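Visitor: Starting off with a structure, shown below.
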Amino acid sequence: MRNTARSVAAIAALLTALFAVSGCATTPAPQCELSGTRDLGASIASAKSRLGDGCVAHFDRYVDQLIDVAAGDPTADNKQAFSDFLLWTSDEGLLSRRQAQETWNRYFNVKFVSLRGDYNNCAQTCPVKGRVMADMQSELADKERGLLQAALDQDSYYRADRLLKETELVLEATCRACAAGGR
């Protein structure tokens, strides 16, 4: 009798597990691929739709794809399209205002998000100067894609390039002065 009760309990547990697994298998995952269009407006609409469907984890990939689409038909108007898109992500609560602003700055502003001005250079920047400069160099590549390739904004891109070179010189001098002051 006990063995029969155990067998019934085991079969019931197995059936429960099978129903649970089959229930998961029928729940569709959100479709997170963007449409294959080469039109920026349509691509942004696709990204908004996917983000609204729960594909927020793909945001960075979407921005990358949207910049590629914009680079296929570069115009100054593309900056406004990205600005509107990033404002939308913030208004919808998908990104904070700060995250949206940092994404904008990373691709479309001469200001570097890799070097924040809210800390002490001697204590916090100089010890990791190499990493900071590498991050800024990577960001300049993103600015090239956004400013130069997608929006045809050569003036802003070359100002960002100049700012990077000036920052490197100032940071080198500042870190030498910090090291000399610490002796």
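Nothing in this text is a laboratory measurement; each read-out follows from the coordinates by a stated rule. It should be emphasised that the depicted structure is a prediction, and the values quoted were computed from it without experimental measurement. Reconstructed Cβ throughout: ideal geometry from the backbone, glycine too, with neighbour counts over all protein chains shown.
Visitor: Give the calculated FRET efficiency between Lys48 and Val128 to the nearest 0.05, with a Förster radius of 35 Å applied to their Cβ-Cβ distance.
Guide: Step by step, r from the Cβ atoms, then E = 0.40.
Visitor: Moving to a separate point now. Report the paramagnetic label zone for Asp60: residues of the stretch 107-143 whose backbone N is under 20 Å from a point 7 Å from Cα along the Cα-to-Cβ axis.
Guide: Hits in the stretch 107-143 for Asp60 at 20 Å: 107-109, 112-116, 131-143.
Visitor: In a shell of Cβ-Cβ distance under 12 Å around Val69, excluding Val69 itself, what net charge do Lys and Arg (+1) and Asp and Glu (-1) give?
Guide: With Lys, Arg at +1 and Asp, Glu at -1, the net is -2.
Visitor: Per residue, what volume in Å³ does the convex hull of the Cα atoms of the stretch 74-183 enclose?
Guide: Output value, Cα hull per residue: 88 Å³.
Visitor: Give the Rg/Rh ratio for the stretch 54-137, taking Rg as the radius of gyration of the Cα atoms and Rh as the Kirkwood radius, to two decimals.
Guide: 1.04
Visitor: Scan around Leu95 for amide H atoms under 5 Å from its own, H built in the peptide plane at 1.01 Å from N, and keep only partners 5 or more places away or cross-chain.
Guide: Correct list: Ser90.
Visitor: Could you state the orientation-averaged shadow area of the convex hull built on the Cα atoms of the stretch 124-183, in nm² to one decimal?
Guide: The Cα convex hull of the stretch 124-183, projected and averaged over all directions, gives 4.0 nm².
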